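Read the structure below first, then the notes.
The values are calculated or read from the model by the stated rules, or taken from the named source; none is laboratory data. Bear in mind the structure is a predicted one, so any value in this text is a computation, not a measurement. Cβ atoms come from the backbone with ideal geometry, glycine included; neighbour counts cover every protein chain shown. The protein model used for the area step is the full one, side chains on, heavy atoms only, and it has no ligands, DNA or RNA in it. Shrake-Rupley method; radii C 1.70, N 1.55, O 1.52, S 1.80 Å.
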Amino acid sequence: MGVKELFTNRASTTLLSGGSDAPAAGTGQSWTVVDSSAFPAASSTAGTSFHVVDPAQPGEIIKVTNVSGGTWTVIRGADDTTPVVHAAGFTAFHIVVASWLQNSEQSYSVLTYGAKGDGVADDAPAIQAAIDDANNAGGGVVRLPVGTYKVSAQLTLTSNVTLAGYGPESVIIGDPAVGAFYHMVRIVESDVRVQDLKISGGGHTDITPLTFGDGATGVSRVSLDRLTMTLATHNLIRGLGGVFNDIRIRNCHFVDSVRGVVFEPTTGGGSEGWLISGNTFRNIGSTLGGGVALQLFGLAFTDDTFKRVNIIGNVFESLNAECAPIEPTGCTDIVIAGNTIGPVGKRGITTTCKGMTISGNRITGQTIYAIELNGSSRVSITGNSIHQCDSFVLATNDPALGATDVVISGNTVTEAGYATGGVAQYQIYVRFLAQRWSIIGNRFYNVKGDGTNAVIRLGASDATNDCLVANNSYLAAASDACVQFVNINSGTRHRVAGNDVTITRAVNAAAGDAQAAIRYSSAATNIAIEDNHLRMTGSLTAATYEGISNAGSGAFSATGWGIRNNFVDGFNRGIVCQNTHVDAVVIRNDTFGCVSADTISPVYRRTRRETEANAAPTTGTWGVGDVAWRLTPATGAPIGWMCTVAGTPGTWKAMPNLL
């Protein structure tokens, strides 16, 4: 980057020292002036400078490269001038030099070339002539003053040209009378900007307003800023074939079209350096009932079609229900952050990428899923707000594409499944050979239930392995909220730990409510369920609702099981585990206030069940070590009773008296 020229109008000062000699051109010197405050703060570090001249000796131009108080660093004889001797105490005036003016972009008004801007005349020849002149001159700005410019043929943008209007009142519109398909504006060379315009298909039935590349060769260093694009029967923006590098699409409005922004470059070509930010997508996909708002299309997450992609701070609203808002595939190192999606739609973010961060997005009202991972890897999903979506994160619908190394943390999921047309679904469904998922520190509130679904499901009778579900919270308060938090369906080496689950709604067997807060399958191996707090405070009506259970599957033998240090309160049964494998461990759990005894076998496991009463239990089945704490403590009375012989109700012994 060259030195940046600074200018302040009518700035002048008096020299205290310097300029009294005539050295060779290009000589650097230090001068002292009376006052620098009227001049810009030139800095050699920042690469900024300005120029001055002595009106009494105007033949020499002096370049000031650094200002420090009243001290200037200067270069004598700038801009091919010859240094001269200046009188002591001369006055230096700030000027703009010819070389700076020559380097400024030349402006080409399309009106000069005969454009009418009346929406009637065909202005394509005039606009193209201005573009060609700007390109032939080495670059420039082609200006479209306020007006409507009908184009009946393609405008071809070439290198170093900026096509610019004065906001959405400067309109390029397609010509419906042209029968064949055509591209309205096509960028065929690199280093192009399009800004401050509205580009509209204008009712043409077969048109794309803006196209990148020639279908085989890509372009680089293209910026689109502050555009309004509308009424396309294909895509509002289309890039096909070749490699597209350093693409910027910022602060644009994409409205009323079948498809929005779609790029399909050469597969595996490594198109890189993308920024798509601050844009609004509205009413996309409405005409044909489908479409996509923003699509970067590669074949698979391994193909590196795109690299270094940032999709940040965009708004996707009022889309057709079948329209996919964000759909990147074949991307490496991609950030999707701070976007707003919804409230209407079915699929929020559908992605097949690696090295991906999805953070700080707000996604609402998606009636299939908020995020789908199709074979993605190295994914971080953090700090998103998900409201009234049927499902939060869905691992691929394709059994051949297992998503791996996924972290889902710090997200808030509320009223899931309660949008209009919403249904009960798993909020996080890890399946189809997915590996190494960590689901940590998320907050779930009121996930709609259907009696079989869970908030989180691990596995679908497949080898989904190495998942961690830890330190999450779930509150089920709505009358039909899901009462099953985790379902461990299959796989190995899963750990469910430190989660806080509170069920305040009534649980009724007639409603088909799920059978356990943490449910596991005998098909899973090497499972750890530890340090969870499970509370049931709602009423239980003819239901068998258990804290931790295999939900009536009976005895089984699975290696590597451990159920430890859990607190389970208020369920029909606290823990049901009939794992007969020799290395299974059920120990140091507290089940408090549960209706019936735990079902735990064989005898080398130990979980204590607790209740409150003013006497030893006389009904129910109890195990050795179960405790009944005195409900109303009294001096001189036992603090509680402990079961010493299992049975119905078993044998109970009083504990020491309260002193």
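Heavy atoms only, probe 1.4 Å: what % of the accessible area of the chain goes to carbon and sulfur, would you let me know? Walk me through the intermediate numbers first.
On the way: 12980 of 25010 Å².
Carbon and sulfur atoms account for 52 percent of the accessible area of the chain.
In the set [x] 29.4; [y] 62.2; [z] 42.0, which value of mean projected area of the Cα convex hull in nm² was calculated from the structure you see?
From the options [x] 29.4; [y] 62.2; [z] 42.0, the structure gives [z].
State, to one decimal in nm, how far the label point of Ala22 lies from the label point of Thr280, with both points 7 Å from Cα in the Cβ direction.
Taking the two extended label points, one gets 6.4 nm.
What are the residues whose amide H is under 5 Å from the amide H of Phe592, where those residues sit 5 or more places off or on another chain and H is modelled from the backbone?
Val568, Asp569, Gly570, Glu610
Would you please give the FRET efficiency between Ala615 and Thr537, computed as 1/(1 + (r/R0)^6) with r the Cβ-Cβ distance and R0 = 22 Å, to the nearest 0.05?
It comes to 0.35.
Report the full-extension gain for the segment Asp132 to Ala216: residue separation times 0.36 nm, less the Cα-Cα distance, to one decimal in nm.
Working it through step by step, the gained length comes to 28.0 nm.
Could you quote the convex hull projected area for the range 57-214, Cα atoms only and averaged over all directions, in nm²?
Average projection, Cα convex hull of the range 57-214: 13.0 nm².
Given Cα pairs under 8 Å that are at least 6 residues apart, what percent is the relative contact order of the chain? List each step's numbers first, then the result.
Values: 2223 pairs, mean separation 28.1, N = 659.
Worked out over the chain, it gives 4 percent.
Relative to a virtual label point 7 Å from the Cα of Ser479 in the Cα→beta-carbon direction, which members of the range 445-472 show backbone nitrogen distances below 18 Å?
So the set is 446-451.
Going from most exposed to least, what order do Leu534, Leu659, Leu299 have by accessible area with a 1.4 Å probe?
These residues rank, largest area first, as Leu659, Leu299, Leu534.
In terms of Cα to Cα distance under 27 Å, which lysines are near enough to Lys354, apart from those fewer than 8 places away along the same chain?
Counting by Cα, and skipping residues close in sequence, Lys354 has these lysines nearby: Lys307, Lys346.
Output wanted: per-residue J couplings in Hz (rounded whole) for the range 645-659, from phi through Karplus 6.51 cos²θ - 1.76 cosθ + 1.60, θ = phi - 60°, x for Gly and Pro.
Those phi angles translate into 9, 5, x, 10, x, x, 9, 10, 10, 6, 8, x, 6, 6, 7 Hz.
Run the quick spin-label model on Asp450 and Asp79: label points 7 Å from Cα toward the beta carbon, then report their separation in nm to one decimal.
The modelled label-to-label distance comes out at 7.6 nm.
Viscosity 1.306 mPa s, temperature 10 °C: what is the translational diffusion coefficient of the range 378-529 from Stokes-Einstein with a Kirkwood Rh over Cα pairs, rounded to a whole number of µm²/s?
105
Quote to one decimal, in nm, the extra length available between Ala555 and Leu659 on full extension: 0.36 nm per residue of separation minus the C-alpha distance between them.
My answer for the length gained is 32.9 nm.
What's the angle, to the nearest 10 degrees (0 to 90), between helix 124-136's Cα axis and the longest principal axis of the chain?
So the helix axis and the longest Cα principal axis differ by about 80 degrees.
So how much slack lies between Asn471 and Ser385, counting 0.36 nm per residue of separation and subtracting their Cα-Cα distance, in nm?
29.2 nm
Please list, by residue number, every one of the chymotrypsin sites (Phe, Trp or Tyr not before Pro) in the range 144-191 that is coil in DSSP and has at most 13 other beta-carbon atoms within 10 Å. Show your work: numbers first, answer last.
On the way: sites: Tyr149, Tyr166, Phe181, Tyr182; in loops: Tyr166, Phe181.
Those satisfying the criteria are Tyr166, Phe181.
So how far apart, in nm, are the two label points at Ser522 and Thr412 if each is 7 Å from Cα heading toward Cβ?
In this crude spin-label approximation the distance works out to 4.3 nm.
Quickly estimate the mean residue ellipticity at 222 nm for the chain, helices only: each DSSP H run with n ≥ 4 gives -39500 (n - 2.57), and the total goes over all residues, rounded to 500.
-1000 deg cm²/dmol
Show which lysines lie in cross-link reach of Lys116 when reach means a straight Cα distance below 19 angstrom and same-chain residues fewer than eight apart are skipped.
Filter leaves Lys150, Lys198.
Provide the per residue accessible area, probe 1.4 Å, for the chain, rounded to a whole number of square angstrom. Please report the intermediate quantities before stating the final value.
Values: 25010 Å² over 659 residues.
It amounts to 38 Å² per residue over the chain.
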